[in-house]
């Protein structure tokens with residue numbers, strides 16, 4: 001398995017850190033706000049880069065399988081072998097796998113969590 005369940009904790013912590021840092025960047029003043037913004041941008045960049053790499057694994061694997069299926073001829077054993085193959089996917093626990101759109105999902109989660117914090121906690 002390319003992605004173990006224990007690594008989901010790293011994602012949750014990074015999402016939480018980014019959300020709280022965006023909240024701090026809006027609510028705090030001066031250098032603390034700048035510091036919080038830098039931490040939030042670092043966490044967001046980390047998450048997007050990691051998940052983009054994992055999504056590319058699935059996409060490239062699917063493209064390779066499609067190119068193999070488009071080849072003419074070949075031995076009968078290779079055709080049977082090709083039918084049995086699945087694309088390589090990076091699973092997140094037993095929930096879902098990383099695909100190309102995971103970046104938008106991460107940004108949506110960050111926006112949702114940060115806006116909820118800003119609306120629910122008075123200044």
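Points worth noting:
- Residue match in region 67-75 (condition: out of contact with any helix residue (DSSP H, G or I) (no Cβ under 8 Å at 6 or more places or on another chain) and either surrounded by 15 or more Cβ atoms within 10 Å (Cβ to Cβ) or not in a loop (DSSP other than H, G, I, E, B) (or both)): yes
- Residues that are out of contact with any strand residue (DSSP E or B) (no Cβ under 7 Å at 6 or more places or on another chain) and either surrounded by 14 or more Cβ atoms within 10 Å (Cβ to Cβ) or at pLDDT below 85 (or both) within region 88-106 comprise 88, 92, 93, 94, 95, 96, 99, 100, 101, 102, 103, 106, listed in sequence order.
- Residue 16 being in a helix (DSSP H, G or I), under 15 Å from the mean Cα position of the chain (by Cα) and either closer than 18 Å to residue 97 by Cβ or modelled with pLDDT of 90 or more (or both): yes
- Single residue of 26, 8 found to be in contact with a strand residue (DSSP E or B) (Cβ under 8 Å, 6 or more places away or on another chain), touching a residue at least 40 places away in the same chain (Cβ under 8 Å), surrounded by 12 or more Cβ atoms within 10 Å (Cβ to Cβ) and in a helix (DSSP H, G or I): 8
The values are calculated or read from the model by the stated rules, or taken from the named source; none is laboratory data. Owing to the predicted nature of the structure, the values given are computational and were not obtained by experimental measurement. Virtual Cβ from ideal backbone geometry, glycine too; neighbours counted across all protein chains shown.
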